[in-house]
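Taking it in order: structure first as structure tokens, then the write-up.
Nothing in this text is a laboratory measurement; each read-out follows from the coordinates by a stated rule. The model shown is predicted, which means the values in this text are computed figures rather than measured ones. Cβ placement follows ideal geometry from the backbone for every residue including glycine, while neighbour counts extend to all protein chains displayed.
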There are 2 protein chains.
Amino acid sequence: MTLTDLLPVTDVTACCEPLTRESLSAQNAEALAGSLKALADPARLRLVSMVAASEGGEACVCDLTEPLGLSQPTVSHHLKILVDAGFLTRDKRGLWAYYRLVPGALDSISRLLITI
Amino acid sequence: MTLTDLLPVTDVTACCEPLTRESLSAQNAEALAGSLKALADPARLRLVSMVAASEGGEACVCDLTEPLGLSQPTVSHHLKILVDAGFLTRDKRGLWAYYRLVPGALDSISRLLITI
DNA sequence: GAACTATATTGACGTTTGTCAATGTAGTTG
DNA sequence: CAACTACATTGACAAACGTCAATATAGTTC
């Protein structure tokens, strides 16, 4: 995943049957793998889950850095990957950047994995 | 993922609430990321989907190599990762190794990603 | 506008990953 | 048992990844 060729998850999942219904094309496999890669990192999974579990459904970087135990640039880096992949949105208000779950993004990935 | 610390997906998913219910612990995030990483590769996604879509629900390496366009060692390598992660089983009969989907493995990952 | 604050970007570095050629292994067939 | 077949393992290498320190950027406050 070169991070430039990340499609938002909504585009990825618009196209396809569930994974086990018919063989994935090379192209669809690439796109789906990109979305899954964005999720397939412990720090990013925790970020998604922390954002989702936050009061009001949003969190700023400052809330996330310390509990995650990673540096601020690293956290920003992971958040960018999640935004680019279409799992989170970023909303800058004043000095803070607030991140939210994109409604339905996880669900649509989930639906693709389910058997029949 | 060092491939030695891969937990089968059934162990990974036995423990946890859906991703968005409460914040993942570092340990659970590591395990779930391991499972997702096993899936987050275009070749492996296609392998899973080709195996699932095969007649009788199983396929041998020889069936998979050519349509995938990768060398036989590479295909074996990917299949091993999928077996270690608990998504496929391997059954050696005669000269051939037959791979099958583990029932429920994809579903349990899927359930973890679903919102609410 | 100067000092400050929260976040993003850049550049560097070690680690992990995906791939293949070469080789090893186990089962089959003559 | 010798030749063959299907698959696994090893070793090597380039590419991608995760991380941080340093720096840049944009907004706030005095």
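With its label point defined 7 Å out from Cα along the Cα-to-Cβ axis, residue A:69 lies at 4.2 nm from the matching points of the other copies, in increasing order. Decide, for the stretch A:43-82, between rounded, prolate and oblate: order the square roots of the alpha carbon gyration tensor eigenvalues as a ≥ b ≥ c, take rounded if a/c falls under 1.5, and otherwise choose prolate if a/b is larger than b/c, else oblate. Prolate, because a/c is 1.5 or more and a/b exceeds b/c. In nanometres and ascending order, the distances from the residue B:103 label point to those of the other copies are 3.7 (point 7 Å from Cα along Cα→Cβ). Remark: mean inter-chain Cβ contacts per residue of B:44-56 equal 5, using a 10 Å Cβ-Cβ cutoff to other protein chain atoms. Taking a straight Cα-Cα cut-off under 29 Å and skipping sequence neighbours fewer than 8 places away in the same chain, the lysines within cross-link reach of residue B:92 are B:37, B:80. Cα gyration tensor of the stretch A:3-115, axes a ≥ b ≥ c as square roots of the eigenvalues: rounded (a/c below 1.5), prolate (a/b > b/c) or oblate? Taking the square roots of the gyration eigenvalues as a ≥ b ≥ c, the stretch A:3-115 is prolate. Sorted from nearest, the other copies put their residue B:11 label points 3.8 nm away, the label point being 7 Å from Cα in the direction of Cβ. Per residue, the average separation of C-alpha pairs within less than 8 Å and at least 6 apart gives chain B a relative contact order of 37 percent.
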